[in-house]
Amino acid sequence: MTVETQASWFWGAYSRVAFVAALITFAMDQAHKWYMMLVFDIQNRGRVEITSFLDFVFVLNTGISYSLFDGSSQSWQYVLAGFAVAASLAFWIWVARSCTGTVFAVSLGLIIGGALGNALDRVLVGGVIDYFSMHAYGYYWYVFNIADVAIVAGVIGLLYDSLIVSRNSAANAQ
């Protein structure tokens, strides 16, 4: 097996786009989390009202979405971080082997960068650092971070790509 054949499963036409999206997402997420922790000192300030619908509040999420499968042991955090790394690797291979456009690549890059940002939190601090709290009329949604926003945006991008962009490409091919 040649080096070219071996590398093709790991680097494709849109891999650079996905890599840049993942790198920017990861860097923004980590920079903002550490700013909130080390400069803003969110963990010692309690709830800080930013607008009538947005507060900053420190939450260390030791589970997954909405604190499902909550577990504060460091070994459990390693399991969840390992899962995020494995999923990111699978998404990366998907980009390299099957990516057909920029929207698809950026979307997967956002998901990869967000997943790796949250995985690093689990290893370094024993859970995911969350701090954005959206609310309206007394109802509070879950507390989230930039990585979570990137993951949701990436999923929306994948849906858009599969429903709109791919459909348009198929129509133009006929």
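The values are calculated or read from the model by the stated rules, or taken from the named source; none is laboratory data. Note that the coordinates shown come from a computational prediction; the quantities given were computed from them, not determined experimentally. Glycine also receives a Cβ, built like all others from the backbone with ideal geometry; neighbour counts cover every protein chain displayed.
The condition of being under 19 Å from the mean Cα position of the chain (by Cα) and among the β-branched types (Val, Ile, Thr) does not hold for Thr51.
Residues in segment 90-104 that are surrounded by 13 or more Cβ atoms within 10 Å (Cβ to Cβ) and free of Cβ contacts under 8 Å to residues at least 60 places away in the same chain: 2 in all. Only one entry of Tyr35, Tyr66 meets the criterion of being closer than 19 Å to Ala147 by Cα, modelled with pLDDT of 95 or more, in a helix (DSSP H, G or I) and hydroxyl-bearing (Ser, Thr, Tyr), and that entry is Tyr35.
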